[in-house]
1. For the stretch 1-54, give me each residue that is open to solvent by less than 90 Å² (accessible area, probe 1.4 Å), within 30 Å of residue 93 (Cβ to Cβ) and of a type in the set (D, E, K, R).
2. Only residues that are touching a residue at least 24 places away in the same chain (Cβ under 8 Å) and within 27 Å of the chain's Cα centre (by Cα): list them for the stretch 79-104, please.
3. Exactly one condition in (1) in a loop (DSSP other than H, G, I, E, B); (2) of a type outside the set (S, T, N, Q); (3) loosely packed, with under 14 Cβ neighbours inside 10 Å is false for residue 66; which is it?
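The values are calculated or read from the model by the stated rules, or taken from the named source; none is laboratory data. Everything numeric in this text was worked out from a predicted model, so none of it was measured. Glycine gets a Cβ as well: all are built from the backbone with ideal geometry, and neighbour counts include every protein chain shown. The accessibility values were calculated without ligands, DNA or RNA, using every heavy atom of the protein model including side chains. Shrake-Rupley method; radii C 1.70, N 1.55, O 1.52, S 1.80 Å.
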Amino acid sequence: MGFGYEKRPEYERWLTSLTFGMTGKNRNENVTQIFPLDWSLNNVTLSPEFEQELEDEPNDLIKNQYTDNLITAFRYTYIYNTQDIRKIQNFFYFKGNAEAAVIY
């Protein structure tokens with residue numbers, strides 16, 4: 001769980017996040033992490049001057065950074081690691097991530 005607050009002359013932004021996940025180790029080399037619940041809620045209050053600037057802004061990517069939104073996501077991570085910290089030897093390390101998200 002996380003919480004953040006930004007106060008600038010142009011805007012105030014409240015950031016809230018909630019994540020729940022599990023980590024499993026099925027052998028010494030394999031680690032699996034699953035996060036079925038990953039939510040972020042962003043609430044933005046703009047000053048009238050900054051709101052006018054954003055209305056005149058042609059780039060939608062910049063405008064969308066200052067809008068209220070809810071992001072729900074699912075994350076999966078797989079790690080394969082042959083390192084043995086008790087031995088000095090070469091090892092193989094792989095980490096793969098997959099994430100799907102929806103913005104409301």
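1. Within the stretch 1-54, 29, 38 meet the criteria.
2. Kept after step one, since they are touching a residue at least 24 places away in the same chain (Cβ under 8 Å), are these residues of the stretch 79-104: 79-82, 99-104.
Correct list: 79, 80, 81, 99, 100, 101, 102, 103, 104.
3. For residue 66, the exception is condition (3).
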